[in-house]
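Accompanying notes for the structure given below.
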Amino acid sequence: MQQMRKNKKSNYSCDFETTTDLNDCRVWAWASYNIDTEDFNYNNSISSFILWMGGLKHNTNIYFHNLKFDGEFIISYLLMNNWSYSEDLEEDQVFNIVMSKTGQIYVLNLHYKLKKDIVIYDSLKKLPMSVGAIAKAFNLQETKLFINYDEKRTIDHVLTDEEINYIHNDVVIVGKALKQQFDHNLKKMTIGSDALNNYKATLGKFEFKKLFPVLSPIYDTDIRKAYKGGFTYASDNFKNKIVGNGLVFDVNSLYPSVMYNNLLPYGYPCYFEGIYQENKLYPLYIQHVIVIFTIKKDHIPTIQIKNHFFYQETEYLKEVIDPVDLYLTSVDLDLMMQQYDISYIDYIDGYMFQGKYNLFKDYIDYWGDIKATSIGGQRQLAKLMLNSLYGKFGTNTNITGMYAYLDLEGIVKYKLKDPETREPVYTPMATFITAYARYKTITTAQILYKRFCYADTDSIHIIGDEVPDNIEVHPTKLGAWKLESKFIKAKFVRAKTYLEQQEDHENIDVKCAGLPAYLHKYINFDNFNSGLTLYGKLRPCHVKGGIVLIKSTYTLK
């Protein structure tokens, strides 16, 4: 019993409210919510927060929603107040971070005196949505409130009831959602890790290792070249034009559906040279080709080329006039042959895989049943677990991190650590799952080519009022297209950038990559064009003490 008490950990949801003055960057309010006991604390300075952590009686896990922001205030304070950065957490008052080379902070470790450790995590990686969206998705009593962020607050500012209620709701919303995850034993650092851990338990760890062996770095590097994301595309037939009535369809659980219904790879791949030859033992393959192609008349382009000096990474190519080097799954190769006229192709080599159905049946049946029979938090958890597993198979093997230091002006800076890698999970799985998903969306859009306006991963937008009879439409069936909404007016500018006025809404639904939601009210059908400029987008500015969000200009390009 004594040992259990010693190892007991408390879990807290915390939040900072910070100033918006470049010359006075500091925390003016913080709050903590004990996820287990529901105790709530708050104060008005980061020094009192550090003191509060130091007064905790045992090892503790703390969650901030967007640790990339809040964490820098903690790092800055520690470095300016006699704490040392160290990978070794044995000494008193040392800390370190787990931070990707892209700047995402996953963990902040603090070691206080008396061997007490505080581990700070990013709840955004457990609950990948805004605080307001969490409250709605989990059907919580608390709602996201609003305050004047720009109001001047002095160092000795006493929090008002409005401010206390605001920060209280923020930490309680996140804390209650995390509690539901913890109650399902979902206690990993990210929701993807939770999903993979749960799948391994469903399958059995021995069986998992047997089905999905660790591949060599050479094999994994080549296979990863065929790993691509979702299909997002605005049709040239309707791009930048205002269109009338139309329909929006979403696939019912796109990624889970292809995991459930399709032949998927397992085991060690078999390398081959030249063109793949049909092999019943190895029915799936990734083919390395050098190719020149031109899009067929009235067909949708499907090929993007990454890391090429001539082609934009986000552009779907209609033709290439010089040979390009591609790694394509058998699914993507089939799609390329359907969509393009091939004027030259050289089959170099590739990898073939054994294939199996029902690898995810039990996992998807379990979480799918919860999703279908639950509401609120239980349903949202099931959705997260269903949609977060596939990507974990494609986990990046490069885990080179960064460490923190103060520059001469006292501003937190980060430097790369020595290169570090980890073993892959099983990249072929993620590669084929995403390939099947793209195939479904693209082939459906192609069937509806004359009506097709826009696609984004699991959705298609078409003009006209008539529900098409040549695609499977069903409100709940896994993998079928669900009629999600109807619009009476729309404009599609580019990927992830469009307007739709829904049939039952006065307001215009705005999707505009890079433009924050609070500026959407300034968008309309007349001004939504390339070159549109709006002022007010917040961007982070690193200063002494932490980060200040300053207003900047957004331009639609």
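Mind jotting down the distance between the C-alpha centroids of region 353-396 and region 96-127, whole Å?
The distance from the Cα centre of region 96-127 to that of region 353-396 comes to 27 Å.
With r as the distance between the Cβ atoms of K187 and R539 and R0 = 25 Å, compute the FRET efficiency 1/(1 + (r/R0)^6) and round to 0.05.
FRET efficiency, R539 to K187: 0.15.
Between D161 and D21, what length comes free when the chain is fully extended (0.36 nm per residue of separation minus the Cα-Cα distance, one decimal in nm)?
Gain on stretching D161 to D21: 48.1 nm.
Angle check, please: helix 361-373 long axis (alpha carbons) against the longest principal axis of the chain (alpha carbons), in degrees 0 to 90, nearest 10.
70
Can you give the helix-only mean residue ellipticity at 222 nm for the chain, where every DSSP H stretch with n ≥ 4 adds -39500 (n - 2.57) and the sum goes over all residues, rounded to the nearest 500 deg cm²/dmol?
On the way: 13 runs with 156 residues, N = 557.
The per-residue figure over the chain is -8500 deg cm²/dmol.
Which value in nm describes the separation of the simple spin-label points at N396 and K417, placed 7 Å from the Cα toward the beta carbon?
Rounded to a tenth, the inter-label distance reads 1.5 nm.
How far, in nm, would the chain grow between Q312 and D236 when pulled straight, counting 0.36 nm per residue and subtracting the alpha carbon separation? Can you show the working numbers first?
Details: separation 76, 0.36 × 76 = 27.36 nm, distance 1.71 nm.
Fully extending the segment from Q312 to D236 adds 25.7 nm.
Once the cut-off is 27 Å, how many percent of the Cα-Cα pairs in region 1-138 end up in the long-distance tail?
20
What order, most packed first, do the peptides 213-220, 27-34, 241-248 have when packing is the mean number of other Cβ atoms within 10 Å of each residue?
Highest to lowest by the protection proxy: 27-34, 241-248, 213-220.
Do any trypsin sites (Lys or Arg not before Pro) in region 346-396 lie in a loop, going by DSSP, with at most 15 other beta-carbon atoms within 10 Å of their beta carbon, and if so which?
Of the trypsin sites (Lys or Arg not before Pro), not one in the loops of region 346-396 has a Cβ with at most 15 other Cβ atoms within 10 Å.
Given R₀ = 30 Å, FRET efficiency for E319-E273 by Cβ-Cβ distance, to 0.05? Write out the running numbers ahead of the final one.
Working: r = 28 Å, r/R0 = 0.94.
Plugging the Cβ-Cβ distance into 1/(1 + (r/R0)^6) gives 0.60.
At most 14 other Cβ atoms within 10 Å plus a DSSP loop assignment makes a site exposed; report the longest stretch of the chain without any exposed GluC sites (Glu not before Pro). Working shown, then result.
Details: sites that count: E38, E87, E90, E91, E151, E278, E313, E315, E409, E420, E466, E472, E503, E506.
Here the longest segment lacking exposed loop sites spans 152-277.
So how strong a dipole does the chain carry about its Cα centre when Lys and Arg Cβ are +1 and Asp and Glu Cβ are -1, to the nearest 20 debye?
640
Place +1 on the Cβ of every Lys and Arg and -1 on the Cβ of every Asp and Glu in the chain, take the dipole about the Cα centre, and give the residue among H111, N470, M336 whose Cα lies farthest towards its positive end.
H111
Restricting to DSSP loop positions (anything but H, G, I, E, B) with no more than 15 other Cβ atoms inside 10 Å of their own Cβ, which chymotrypsin sites (Phe, Trp or Tyr not before Pro) remain in region 100-165?
F146, Y149
Which three extents, in angstrom, do the Cα atoms of the chain have along their principal axes, listed largest first?
Here the spans come out as 70, 57, 51 Å, largest first.
Could you give the length gained by full extension between N81 and H474, i.e. 0.36 nm per residue of separation minus their alpha carbon distance, to one decimal place?
This chain segment gains 135.4 nm when fully extended.
Separation of region 200-214 and region 454-520 by C-alpha centroid, Å?
Centre-to-centre distance over Cα atoms comes out at 39 Å.
I'd like the orientation of helix 67-80 relative to the chain: the angle between its Cα long axis and the longest Cα principal axis, in ° from 0 to 90, rounded to 10.
Orientation of helix 67-80: about 40 degrees from the principal axis.
Of N261, Y522, T294, whose Cα points farthest to the positive end of the dipole of the chain (charges on the beta-carbon: +1 Lys, Arg; -1 Asp, Glu; origin at the Cα centre)?
N261
Give me the angle, in degrees from 0 to 90, between the Cα long axis of helix 427-447 and the longest principal axis of the Cα atoms of the chain, rounded to the nearest 10.
That works out to roughly 60 degrees.
Where a number appears in this text, it was derived from the coordinates with a stated rule and is not lab data. Note that the structure is predicted; figures quoted are calculated from it, not measured. All Cβ positions, glycine included, derive from the backbone under ideal geometry; neighbour counts span all protein chains shown.
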